[in-house]
Amino acid sequence: MHFSHDPSGTIHTMLSVDEARERILACFAPLPPRRTPLLDALGLVLAEPIIARESIPPFTNSAMDGYAVRASDTRGACPDRPAELRVIGEAPAGSPAPRGFSDEAPPLRVESGMAIRIMTGAVLPPGADAVVRFEDTDESDTPSTIRSRGVVRIRREIAPGENVRCAGEDILAGSVVFEPGTVLGPAHLGLLASLGYSWVLVHPRPRIAILATGDEVVPIDWPLEPGQIRNSNSTVLAALVQQTGGIPKLIGIAIDREEDVARHLQYTHDADLILTSGGVSQGDYDRIKEFLRARGRFEIWQVRIKPGKPMAFGFVADTPVLALPGNPVAAVVAFLQFARPAILRLLGRADLEPIRVRARLTKAVDNRGRRRHFVRALLHRRSGELWVTPVPQQGSGILSGLVHGNCLAVIPEEWSEAPVGSEVTVELYDPIIAAAILAAGI
């Protein structure tokens with residue numbers, strides 16, 4: 001790799017990506033927790049410890065349909081020499097105790113030489129210490145006569161505890177099941193349901209208002225006139241917000257007039273973060289920066305990032321605003337570097353960083369300008385080693401470059417060029433793509 005220098009010295013007035021991210025994140029904290037219905041808590045972060053109210057399972061029960069027996073009564077049993085046991089009753093699931101074959105039968109206990117027909121999930125009868133599956137008995141041979149003649153033949157020796165689920169083997173009453181900070185997945189919700197939790201205290205999903213700006217930007221379903229482009233930024237940013245765990249709220253498109261920006265921002269009173277795209281560069285009609293300076297507490301930054309460089313961060317009426325570049329790819333890269341970790345922090349997440357791996361470049365990458373370059377690329381394995389190939393379309397307005405890649409290859413700002421074969425960090429932001437890549441051994 002080649003190292004670059006900045007003869008003009010202007011690069012030193014820019015913030016690094018890390019400095020900009022640190023300043024932004026310092027202004028965010030997890031949202032105050034709310035008690036939320038269990039199914040609505042999927043993907044959210046627990047804000048309280050979960051203590052088991054009872055054991056799981058709450059009682060010792062059968063893991064199979066079969067016969068509850070004493071394991072010692074099956075010693076030496078085999079198909080040619082089955083153990084014959086007397087069937088004294090049955091234990092259906094949902095019944096507190098086994099019952100005899102007549103309503104007058106007394107409470108049943110398995111003694112030596114006895115068996116009780118039992119269903120999956122039924123309470124294990126007193127005296128029994130194992131369950132023999134139907135498949136290991138003559139049940140299938142004579143299913144209609146077992147009850148009438150009261151005998152079952154066991155064709156296999158079983159061990160104590162076989163096909164038995166002991167009380168508390170999963171969770172013991174009084175134990176801490178989940179700590180605060182746990183991200184709740186489907187299995188977590190299932191376990192909470194089994195413990196009787198229908199509501200949980202979690203950090204809620206942040207509400208993210210999204211505003212596009214520019215005289216040339218029109219809604220996606222409008223016919224295009226000369227000089228116009230459709231509003232792809234709001235769609236891709238809303239999708240990224242949803243993917244991160246937030247709730248997007250599209251508040252439209254503001255033309256390049258401060259009063260129109262103000263009119264749209266009046267719909268952000270319930271937002272936890274406002275994202276804008278466009279209007280923060282050095283153009284004559286980039287009105288966002290003037291509005292932010294006039295109406296709020298703001299800093300306009302030049303960040304050592306490629307694609308994208310100008311951005312703004314601050315507050316309007318105590319609501320944080322992150323003003324992203326107008327070019328679609330630059331807006332996406334800036335979102336991933338700055339907005340995504342901010343939303344994750346609002347959610348109460350501790351894992352703010354993307355999945356990162358190291359890979360070697362298959363093509364050289366030019367990086368003049370001393371900015372951290374996030375190259376749209378495709379990660380793959382070749383001869384047991386990870387390689388990353390930049391996609392052909394690297395323009396900051398070419399969204400198809402993101403579609404054709406599955407990662408961002410990160411070229412350090414100190415490098416003016418990344419030669420073929422150089423090892424770089426690769427960031428995987430899409431959780432579905434990351435899971436597929438990692439499952440494939442990458």
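The values are calculated or read from the model by the stated rules, or taken from the named source; none is laboratory data. What you see is a predicted model; the values in this text were computed from it and never measured. Glycine gets a Cβ as well: all are built from the backbone with ideal geometry, and neighbour counts include every protein chain shown. The protein model used for the area step is the full one, side chains on, heavy atoms only, and it has no ligands, DNA or RNA in it. Shrake-Rupley method; radii C 1.70, N 1.55, O 1.52, S 1.80 Å.
Any chance region 82-103 includes a residue that's surrounded by 14 or more Cβ atoms within 10 Å (Cβ to Cβ), at pLDDT 95 or above and assigned to a loop (DSSP other than H, G, I, E, B)? Scanning region 82-103 turns up at least one residue that is surrounded by 14 or more Cβ atoms within 10 Å (Cβ to Cβ), at pLDDT 95 or above and assigned to a loop (DSSP other than H, G, I, E, B). The strands (runs of 3 or more DSSP E) falling completely within region 216-324 that include 2 or more residues that are among the aromatic types (Phe, Trp, Tyr) and out of contact with any His (no Cβ under 8 Å at 6 or more places or on another chain) map to 297-302, 310-316. Just to be sure, is VAL375 surrounded by fewer than 18 Cβ atoms within 10 Å (Cβ to Cβ) and assigned to a strand (DSSP E or B)? So VAL375 fails the test.
With the structure loaded, tell me whether PHE338 is touching a helix residue (DSSP H, G or I) at 6+ places or on another chain (Cβ under 7 Å), at pLDDT 95 or above and not in a helix (DSSP H, G or I) or whether it fails that test. So PHE338 fails the test.
Just one of the listed residues (VAL217, VAL241, VAL261) is at pLDDT 90 or above and surrounded by 17 or more Cβ atoms within 10 Å (Cβ to Cβ), and it is VAL241.
The residues of region 189-215 that are part of a helix (DSSP H, G or I) and in contact (Cβ under 8 Å) with a residue 12 or more places away in the chain, listed by number, are LEU189, LEU191, LEU192, ALA193, SER194. In region 341-358, the residue that is surrounded by the most Cβ atoms within 10 Å (Cβ to Cβ) out of those that are modelled with pLDDT of 95 or more and in contact with a Phe, Trp or Tyr (Cβ under 8 Å, 6 or more places away or on another chain) is ALA342.
If TYR67 satisfies every condition in (1) of a type in the set (Ser, Thr, Tyr); (2) at pLDDT 95 or above; (3) assigned to a loop (DSSP other than H, G, I, E, B) but one, which is the exception? Of the numbered conditions (1) of a type in the set (Ser, Thr, Tyr); (2) at pLDDT 95 or above; (3) assigned to a loop (DSSP other than H, G, I, E, B), the odd one out for TYR67 is (3). Output the residues belonging to region 381-390 that are out of contact with any Cys (no Cβ under 9 Å at 6 or more places or on another chain) and either buried (at least 18 other Cβ atoms within 10 Å of the Cβ) or not in a loop (DSSP other than H, G, I, E, B) (or both). ARG381, ARG382, GLU385, LEU386, TRP387, THR389, PRO390 - these are the residues of region 381-390 that are out of contact with any Cys (no Cβ under 9 Å at 6 or more places or on another chain) and either buried (at least 18 other Cβ atoms within 10 Å of the Cβ) or not in a loop (DSSP other than H, G, I, E, B) (or both). Out of GLU179, GLU225, one residue alone is among the charged types (D, E, K, R), open to solvent by 60 Å² or more (accessible area, probe 1.4 Å) and more than 29 Å from ARG34 (Cα to Cα). It is GLU225.
Being closer than 18 Å to LEU336 by Cα and touching a Gly at 6+ places or on another chain (Cβ under 9 Å) holds for only one residue in LEU292, LEU324, LEU237, LEU275, and it is LEU324.
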